[in-house]
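A short worksheet on the structure shown next.
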Amino acid sequence: MNHKSPDLLRPTLTAGVVFGAVASVPFLSLLNCFCCALVVGCGFFASWLYAGECRRGLVGFSPGSGAMVGLVAGAFYAMTQSVLETLIRLVIGDPTARVALSLLEKIPNLPADNRDMLEQALRQASEAAPSVASFVLGFFMMVLVAAVFSTVGGLIGAAVFRVSPPMPLPPPSDDAPIPPPSAPAV
(Lines give C-alpha, C1' and ligand atoms only; values in the text may rest on other atoms or scores of the structure.)
Protein backbone atom coordinates (compact mmCIF):
# COMPACT_ATOMS: atom_id res chain seq x y z
CA MET A 1 0.00 0.00 0.00
CA ASN A 2 1.92 3.06 -1.24
CA HIS A 3 0.43 6.38 -0.16
CA LYS A 4 1.46 9.66 -1.72
CA SER A 5 2.71 12.46 0.57
CA PRO A 6 0.26 15.34 0.98
CA ASP A 7 0.88 18.65 -0.73
CA LEU A 8 3.05 21.06 1.27
CA LEU A 9 1.54 24.19 -0.26
CA ARG A 10 -1.75 24.56 1.63
CA PRO A 11 -0.48 24.09 5.22
CA THR A 12 2.71 26.08 4.72
CA LEU A 13 1.03 28.93 2.85
CA THR A 14 -1.74 29.14 5.45
CA ALA A 15 0.67 29.23 8.38
CA GLY A 16 3.08 31.63 6.67
CA VAL A 17 0.41 34.13 5.65
CA VAL A 18 -1.43 34.05 9.01
CA PHE A 19 1.67 34.45 11.16
CA GLY A 20 3.33 36.87 8.71
CA ALA A 21 0.24 39.08 8.80
CA VAL A 22 0.20 39.06 12.61
CA ALA A 23 3.92 39.90 12.68
CA SER A 24 3.41 42.90 10.40
CA VAL A 25 0.87 44.53 12.72
CA PRO A 26 2.52 47.25 14.82
CA PHE A 27 3.08 46.21 18.43
CA LEU A 28 1.88 42.62 17.80
CA SER A 29 5.22 42.15 16.10
CA LEU A 30 6.79 42.61 19.54
CA LEU A 31 5.75 39.01 20.27
CA ASN A 32 8.84 38.08 18.26
CA CYS A 33 10.94 39.58 21.07
CA PHE A 34 10.15 36.41 23.04
CA CYS A 35 12.51 33.99 21.29
CA CYS A 36 10.99 34.73 17.87
CA ALA A 37 7.66 33.35 19.11
CA LEU A 38 5.69 34.22 15.98
CA VAL A 39 8.27 32.70 13.64
CA VAL A 40 8.58 29.51 15.70
CA GLY A 41 4.79 29.42 16.01
CA CYS A 42 4.51 29.63 12.24
CA GLY A 43 6.55 26.44 11.78
CA PHE A 44 4.73 24.72 14.64
CA PHE A 45 1.30 25.63 13.21
CA ALA A 46 2.35 24.48 9.72
CA SER A 47 3.44 21.14 11.24
CA TRP A 48 0.08 20.76 12.94
CA LEU A 49 -1.74 21.42 9.67
CA TYR A 50 0.53 19.07 7.71
CA ALA A 51 0.23 16.31 10.34
CA GLY A 52 -3.55 16.43 9.86
CA GLU A 53 -3.07 16.03 6.11
CA CYS A 54 -0.73 13.08 6.75
CA ARG A 55 -3.27 11.40 9.03
CA ARG A 56 -5.99 11.72 6.40
CA GLY A 57 -3.65 10.43 3.68
CA LEU A 58 -2.32 7.55 5.84
CA VAL A 59 1.24 8.83 5.44
CA GLY A 60 3.94 9.11 8.09
CA PHE A 61 5.09 12.51 9.38
CA SER A 62 8.57 12.61 10.89
CA PRO A 63 10.86 15.39 12.17
CA GLY A 64 12.64 15.52 8.80
CA SER A 65 9.34 16.35 7.12
CA GLY A 66 8.62 18.81 9.91
CA ALA A 67 11.84 20.66 9.19
CA MET A 68 10.87 20.98 5.51
CA VAL A 69 7.36 22.14 6.41
CA GLY A 70 8.79 24.73 8.80
CA LEU A 71 11.31 25.98 6.25
CA VAL A 72 8.71 26.48 3.52
CA ALA A 73 6.27 28.12 5.97
CA GLY A 74 9.10 30.44 7.05
CA ALA A 75 9.61 31.56 3.44
CA PHE A 76 5.91 32.45 3.13
CA TYR A 77 6.10 34.17 6.54
CA ALA A 78 9.04 36.32 5.42
CA MET A 79 7.32 37.36 2.18
CA THR A 80 4.02 38.21 3.88
CA GLN A 81 5.58 40.04 6.81
CA SER A 82 7.93 42.11 4.65
CA VAL A 83 5.29 43.21 2.16
CA LEU A 84 2.60 44.02 4.74
CA GLU A 85 4.99 45.82 7.08
CA THR A 86 6.24 47.98 4.20
CA LEU A 87 2.67 48.81 3.17
CA ILE A 88 1.77 49.76 6.74
CA ARG A 89 4.83 52.01 7.02
CA LEU A 90 3.97 53.65 3.71
CA VAL A 91 0.46 54.42 4.94
CA ILE A 92 0.95 55.40 8.60
CA GLY A 93 4.71 55.70 9.11
CA ASP A 94 6.55 53.92 11.93
CA PRO A 95 4.23 53.78 14.95
CA THR A 96 6.92 52.26 17.16
CA ALA A 97 9.19 55.28 16.63
CA ARG A 98 6.29 57.62 17.46
CA VAL A 99 5.62 55.79 20.74
CA ALA A 100 9.32 55.87 21.58
CA LEU A 101 9.34 59.62 20.86
CA SER A 102 6.42 60.22 23.23
CA LEU A 103 8.14 58.14 25.92
CA LEU A 104 11.37 60.07 25.38
CA GLU A 105 9.56 63.31 26.18
CA LYS A 106 8.61 61.90 29.60
CA ILE A 107 12.21 61.24 30.70
CA PRO A 108 13.11 64.25 32.89
CA ASN A 109 16.85 63.80 33.57
CA LEU A 110 18.09 63.12 30.05
CA PRO A 111 20.91 65.48 28.97
CA ALA A 112 19.82 67.99 26.32
CA ASP A 113 22.37 66.85 23.72
CA ASN A 114 21.27 63.24 24.02
CA ARG A 115 17.59 64.21 23.98
CA ASP A 116 18.02 66.27 20.80
CA MET A 117 19.93 63.51 19.03
CA LEU A 118 17.37 60.84 19.98
CA GLU A 119 14.41 63.06 19.08
CA GLN A 120 15.88 63.83 15.67
CA ALA A 121 16.54 60.14 14.92
CA LEU A 122 13.07 59.07 16.09
CA ARG A 123 11.32 61.84 14.13
CA GLN A 124 13.16 60.81 10.98
CA ALA A 125 12.24 57.17 11.56
CA SER A 126 8.57 57.93 12.20
CA GLU A 127 8.16 60.14 9.13
CA ALA A 128 10.45 58.47 6.59
CA ALA A 129 8.96 56.30 3.88
CA PRO A 130 10.68 52.96 3.46
CA SER A 131 13.09 52.77 0.55
CA VAL A 132 13.57 49.91 -1.86
CA ALA A 133 16.95 49.20 -0.29
CA SER A 134 15.47 49.00 3.21
CA PHE A 135 12.73 46.68 1.92
CA VAL A 136 15.23 44.36 0.22
CA LEU A 137 17.57 44.33 3.22
CA GLY A 138 14.68 43.75 5.63
CA PHE A 139 13.29 40.98 3.46
CA PHE A 140 16.59 39.10 3.27
CA MET A 141 17.15 39.48 7.01
CA MET A 142 13.65 38.15 7.65
CA VAL A 143 14.23 35.21 5.27
CA LEU A 144 17.34 34.24 7.26
CA VAL A 145 15.61 34.58 10.63
CA ALA A 146 12.47 32.80 9.44
CA ALA A 147 14.46 29.99 7.83
CA VAL A 148 16.15 29.15 11.11
CA PHE A 149 13.36 29.69 13.62
CA SER A 150 10.45 28.42 11.56
CA THR A 151 12.42 25.25 10.83
CA VAL A 152 12.91 24.83 14.59
CA GLY A 153 9.15 25.30 15.04
CA GLY A 154 8.52 22.69 12.34
CA LEU A 155 10.85 20.23 14.09
CA ILE A 156 9.12 20.77 17.42
CA GLY A 157 5.72 20.42 15.76
CA ALA A 158 6.75 17.19 14.05
CA ALA A 159 7.93 15.76 17.37
CA VAL A 160 4.62 16.70 19.00
CA PHE A 161 2.31 15.72 16.13
CA ARG A 162 4.28 12.75 14.78
CA VAL A 163 2.26 10.43 12.56
CA SER A 164 3.43 6.85 12.12
CA PRO A 165 2.79 5.30 8.74
CA PRO A 166 0.37 2.37 8.75
CA MET A 167 1.97 -1.04 9.04
CA PRO A 168 2.10 -2.80 5.67
CA LEU A 169 0.29 -6.08 5.35
CA PRO A 170 2.63 -9.05 5.18
CA PRO A 171 2.91 -10.60 1.73
CA PRO A 172 0.95 -13.81 1.28
CA SER A 173 3.00 -16.87 1.91
CA ASP A 174 2.92 -20.03 -0.18
CA ASP A 175 2.93 -22.08 3.03
CA ALA A 176 -0.16 -20.41 4.46
CA PRO A 177 -3.18 -22.69 4.53
CA ILE A 178 -6.11 -21.64 2.40
CA PRO A 179 -9.22 -21.20 4.51
CA PRO A 180 -12.07 -23.58 3.64
CA PRO A 181 -15.05 -22.05 1.85
CA SER A 182 -17.84 -21.08 4.15
CA ALA A 183 -20.99 -23.15 4.15
CA PRO A 184 -23.98 -21.58 2.39
CA ALA A 185 -26.62 -20.19 4.70
CA VAL A 186 -29.92 -22.08 4.78
Study note, to complete from the structure: So, first residue closer than 23 Å to Gly41 by Cβ in the range 55-70, second residue part of a helix (DSSP H, G or I) and of a type in the set (S, T, N, Q), Cβ within less than 8 Å, six or more apart or across chains; the pairs are Phe61/Ser47; Gly66/Ser47; Ala67/Thr151; Val69/Thr12; Val69/Ser47; Gly70/Ser47; Gly70/Ser150; Gly70/Thr151
Revision key, fill the gap. Ala75: passes all of (1) within 13 Å of the chain's Cα centre (by Cα); (2) surrounded by fewer than 20 Cβ atoms within 10 Å (Cβ to Cβ); (3) farther than 20 Å from Asp7 by Cα but (3)
Check your understanding: All but one of (1) part of a loop (DSSP other than H, G, I, E, B); (2) modelled with pLDDT of 95 or more hold for Leu71; which doesn't?
Key -> (1)
Review point. Is at least one residue of the range 117-133 outside any helix (DSSP H, G or I), at pLDDT below 85, in contact with a Gly (Cβ under 7 Å, 6 or more places away or on another chain) and not aliphatic (A, V, I, L, M)?
Key: no
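Can you give me the number of residues within the range 36-51 that are in contact (Cβ under 8 Å) with a residue 40 or more places away in the chain, more than 16 Å from Ala78 (Cβ to Cβ) and not hydroxyl-bearing (Ser, Thr, Tyr)?
As a first pass, look at the range 36-51 and keep what is in contact (Cβ under 8 Å) with a residue 40 or more places away in the chain: 36, 39-48, 50-51.
Imposing the further condition that a residue be more than 16 Å from Ala78 (Cβ to Cβ) reduces the set to 44, 47-48, 50-51.
Then keep just the ones that are not hydroxyl-bearing (Ser, Thr, Tyr); that gives 44, 48, 51.
Qualifying residue count, the range 36-51: 3.
Would it be correct to say that Thr80 is touching a helix residue (DSSP H, G or I) at 6+ places or on another chain (Cβ under 8 Å), more than 20 Å from Leu155 (Cβ to Cβ) and either part of a helix (DSSP H, G or I) or of a type in the set (Ser, Thr, Tyr) (or both)? Break it down stepwise before answering.
Values: touching a helix residue (DSSP H, G or I) at 6+ places or on another chain (Cβ under 8 Å): yes; more than 20 Å from Leu155 (Cβ to Cβ): yes; either part of a helix (DSSP H, G or I) or of a type in the set (Ser, Thr, Tyr) (or both): yes.
Yes, satisfied.
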Review point. Is it true that Gly41 is among the small types (Gly, Ala, Ser) and touching a Ser or Thr at 6+ places or on another chain (Cβ under 8 Å)?
Key: no
Exercise for review: Check the range 35-52 and report whether any residue there is more than 20 Å from Val83 (Cβ to Cβ), in a helix (DSSP H, G or I), touching a strand residue (DSSP E or B) at 6+ places or on another chain (Cβ under 7 Å) and not charged (D, E, K, R).
Suggested key: yes
**Study point:** Filter result for the condition that a residue is touching a residue at least 12 places away in the same chain (Cβ under 8 Å), touching a Lys or Arg at 6+ places or on another chain (Cβ under 7 Å) and surrounded by 15 or more Cβ atoms within 10 Å (Cβ to Cβ), over Leu101, Leu155, Leu122, Leu84
**Key:** Leu101
Check your understanding: From the residues in the range 24-34 that are assigned to a helix (DSSP H, G or I) and without any contact (Cβ under 8 Å) to a residue 60 or more places away in the chain, which one is surrounded by the most Cβ atoms within 10 Å (Cβ to Cβ)?
Key -> Asn32
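The values are calculated or read from the model by the stated rules, or taken from the named source; none is laboratory data. Keep in mind that what you see is a predicted model, and the values were worked out from it rather than measured. Note that each Cβ is placed from the backbone with ideal geometry, even for glycine, and that neighbours are counted across all protein chains shown.
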